[in-house]
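Asker: Take a look at this one; I'll ask things after.
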Amino acid sequence: MQLQPNSTSNSTPIPISESQRNKIPHVLTVAGSDSGSGAGIQADLKTCAARRVYCSTVITAVTAQNTLGVQGVNMVPEDFVAQQLTSVLSDMNVDVVKTGMLPSLNMVKVLCQSLRKFPVKALVVDPVMVSTSGDILAGPSVLAGFREELLPMADIVTPNVKEASALLGDMPMKSVSDMRTAAKLLHDLGPRNVLVKGGDLPNSSDAIDVFFDGQEFYELSSPRVNTRNTHGTGCTLASCIAAELAKGSSMLSAVKIAKRFVESALDYSRDLVIGNGAQGPFDHFLAFKNISQSSCRQDRFNPNDLFLYAVTDSRMNSKWGRSIAEAVKAAVEGGATIVQLREKDVETQDFVDAAKVCLEICRSYGVPLLINDRIDVALACDADGVHIGQSDMSARLARTLLGPEKVIGVSCKTPEQAHQAWIDGADYIGSGGVYPTNTKANNRTIGLDGLREVCKASKLPVVAIGGIGMSNAGAVMKLGVPSLKGVAVVSALFDRECILTETRNLHAVISEAALLPQ
């Protein structure tokens, strides 16, 4: 297996062009209209807008509903649904189609015919049959169309436990074990991936969803949010998955981001009061209140960003008479693909000010900037994320503070720590120290064998750290495990006279090693 570096692996990174910045991923949602604006087309539009993805619409039904329930449904004529589909798909370069309410069998057939005529990159099927409040939104006749035509075309299907039960002939759904069985049986019907949502599962303290990709099961757990404002969670989750797929995420990454987004929106909206019924809508645009959209990094986290991971050090900057910004600029110009600011001896305000300057430098090259340990600094400067150690707060708590979009890395020495980082919602792990190092006192080394053990056990991408430099980086990259995406270095770059030259040289070494047959 070859480890593939990202597109900057064989040359110095170049600034992102304006045309790249302005390229907008596109989702088409085929669903019903919710007059209360909590679910359906309205939820899909709001979700895609919040995720910075363009969303076009095909409306299949118009409902009269509010926080008390559904008072009426008026189907759109099937030939007009077909006309809407042709209008959008023939002209607008749709990346992903997401389905919601499909109230008739013929409407399912119309959609499948259109997708055969105008193929898209991915199809996300949210089999809307029963709302969370219990209202029936599609009759039994639609089930055959889902099973026989739509699911075999789907890249992912996202039923809740009631919908999964209905699709499988009223199969009992009382436990996570039942959800795993259902996911396997649904996968046998043809979709490439299945996500069975357990939010309505009885007697469960956490909200547990089961994801199955045809080979492995993943249980994605998050704490339940005590709120009445849950209307539209299913539509929102599926739309967020579609949005992330349109941006280029892998399926599992899209699912994890979507689950985080819904959890964050529910938590943010727990005390909203809209309407008089038992189930209210929630706020999809929490990002506008918590994130500076104008300065937000536009690229999703890519595991290959870990390829050459530069970690700054305040003592080395002082030794060589450099500012943090000067050190970072030289590193990214030399080929660093991600930067972590680890500045232990800098006053907080000075750290924040310097981090803002470094962020501008990194974003001009499309390079993520993370902050070591300091969640407060990351929030203050709107960094792309944080890296935390085992003695710091958990990744789950960091995720709660930072929201769904930020990158979170966790230091891990053992497979058990790597598994916990996955459960807590981290994006990657840093494993080491691989070799002895002077930058962290009394740091137990794990060697190449320990690194290999962690990499094989990890469900997250891994960057190796600790004593890595020109003499041994090649050996690390030749380890031959797919989850190992790069090396993190401190002294090899920043305790040198010319950071630019050292970064270029190290980039060349690990690029060559990564491309050699293992």
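The values are calculated or read from the model by the stated rules, or taken from the named source; none is laboratory data. On a predicted model such as this, the values are computed, not experimentally measured, just so you know. Heads up, the Cβs are rebuilt from the backbone with ideal geometry, glycines too, and the neighbour counts pull from every protein chain shown. Areas reflect the complete protein model, heavy atoms only, side chains present, ligands, DNA and RNA absent. Shrake-Rupley method; radii C 1.70, N 1.55, O 1.52, S 1.80 Å.
Asker: Could you tell me how many degrees, from 0 to 90 and to the nearest 10, lie between the Cα long axis of helix 78-89 and the main elongation axis, the longest principal axis, of the Cα atoms of the chain?
Answerer: So the helix axis and the longest Cα principal axis differ by about 20 degrees.
Asker: Another question, then. Which of the three applies to segment 339-427, rounded, prolate or oblate, going by the alpha-carbon gyration tensor with a ≥ b ≥ c and a/c under 1.5 meaning rounded?
Answerer: prolate
Asker: Please list Glu512, Glu343 from largest to smallest accessible area, probe radius 1.4 Å, with all protein chains kept in place.
Answerer: Glu512, Glu343
Asker: Next up: Ranked from the most accessible area to the least, with a 1.4 Å probe and all protein chains present, what is the order of Lys98, Lys478?
Answerer: On the way: Lys98 0, Lys478 110 Å².
If we order Lys98, Lys478 from most to least accessible, we get Lys478, Lys98.
Asker: Okay, moving on. For segment 317-323, what does the Karplus curve 6.51 cos²θ - 1.76 cosθ + 1.60, with θ = phi - 60°, yield as ³J(HN,Hα) per residue in whole Hz, taken in order and with x for Gly and Pro?
Answerer: Karplus values, whole Hz, x for Gly and Pro: 4, 5, 4, 9, x, 10, 7.
Asker: I would also like to ask the following. Per-residue HN-Hα couplings for segment 156-161, Karplus 6.51 cos²θ - 1.76 cosθ + 1.60 at θ = phi - 60°, whole Hz, x for Gly and Pro?
Answerer: 7, 10, 10, x, 7, 5
Asker: Then there's this: Amide H of Asn160: which non-local residues (sequence gap of 5 or more, or other chain) have their own amide H closer than 5 Å, using H built in the peptide plane?
Answerer: Residues meeting the criterion, in which the H sits 1.01 Å from N, are Lys197.
Asker: Also: Please list, ordered by chain and number, the residues whose modelled amide H lies under 5 Å from the amide H of Ile338; skip anything fewer than 5 residues away on the same chain.
Answerer: Placed amide hydrogens put Leu308, Ala310 under 5 Å from Ile338.
Asker: Let me ask something additional. Which one, Ile156, Ile375, Tyr365, is farthest towards the positive end of the dipole of the chain when Lys and Arg carry +1 and Asp and Glu -1 on their Cβ?
Answerer: Tyr365
Asker: Hey, can you grab everything whose amide H is under 5 Å from the amide H of Asp283? Only 5+ residues off in sequence or another chain; H modelled, so Pro and N-termini drop out.
Answerer: Ser269
Asker: Same structure again: Could you work out how far apart the two model spin labels at Ser391 and Asp206 are, taking each label as a point 7 Å from the Cα in the direction of the beta carbon, and quote it in nm?
Answerer: It works out to 2.7 nm between the two label points.
Asker: For the chain, with only Lys/Arg (+1) and Asp/Glu (-1) charged at the beta-carbon, what is the dipole magnitude about the Cα centre, in debye rounded to 20?
Answerer: Charge dipole of the chain: 500 debye, to the nearest 20.
Asker: Compare Met470, Met251, Met92 by solvent-accessible area with a 1.4 Å probe and give them largest first, with all protein chains kept in place.
Answerer: Working: Met470 90, Met251 35, Met92 65 Å².
Sorted by accessible area, descending: Met470, Met92, Met251.
Asker: Still on this structure, please answer the following. Restricting to Cα pairs below 8 Å that are 6+ residues apart, what does the relative contact order work out to for the chain? Please round to a whole percent.
Answerer: Numbers: 1106 pairs, mean separation 70.8, N = 518.
It rounds to 14 percent for the chain.
Asker: Using 1/(1 + (r/R0)^6) with R0 = 30 angstrom and r between the beta carbons of Arg452 and Asn505, what's the FRET efficiency to the nearest 0.05?
Answerer: 0.70
Asker: Positive end of the dipole of segment 303-515, charges at C-beta (+1 Lys, Arg; -1 Asp, Glu), about the Cα centre: which of Ala464, Pro415, Ile324 has its Cα farthest in that direction?
Answerer: Working it through, the farthest residue towards the positive pole turns out to be Pro415.
Asker: Can you quote the Å³ per residue value for the convex hull of the Cα atoms in the chain, rounded to an integer?
Answerer: 143 Å³
Asker: Let me ask something else about it. When the dipole is taken about the Cα centre of segment 303-515, and only Lys, Arg (+1) and Asp, Glu (-1) are charged at their Cβ, what size is it in debye, to the nearest 20?
Answerer: Values: 22 positive and 25 negative charges, 112 e Å.
Around 540 debye, computed over segment 303-515.
Asker: Among the listed pairs Lys121/Lys174; Lys46/Lys121; Lys319/Lys456; Lys184/Lys478; Lys109/Lys197, which are separated by more than 31 Å between their Cα atoms? Mind showing how you got there, number by number?
Answerer: Details: Lys121/Lys174 35 Å; Lys46/Lys121 22 Å; Lys319/Lys456 38 Å; Lys184/Lys478 36 Å; Lys109/Lys197 26 Å.
Pairs exceeding the cut-off: Lys121/Lys174; Lys319/Lys456; Lys184/Lys478.
Asker: Just for the chain, what percent of DSSP beta bridges are antiparallel, to the closest 5?
Answerer: Bridges in the chain are about 25 percent antiparallel.
Asker: In deg cm²/dmol and to the nearest 500, what is the mean residue ellipticity at 222 nm of the chain if only DSSP H runs of at least 4 residues count, each as -39500 (n - 2.57), divided by the residue total?
Answerer: -11000 deg cm²/dmol
Asker: Same structure, new question: ³J(HN,Hα) across segment 28-35 via Karplus (A = 6.51, B = -1.76, C = 1.60, θ = phi - 60°), whole Hz, x for Gly/Pro?
Answerer: Karplus-based 3J(HN,Hα) across segment 28-35 equals 10, 9, 10, 7, x, 8, 10, 5 Hz.
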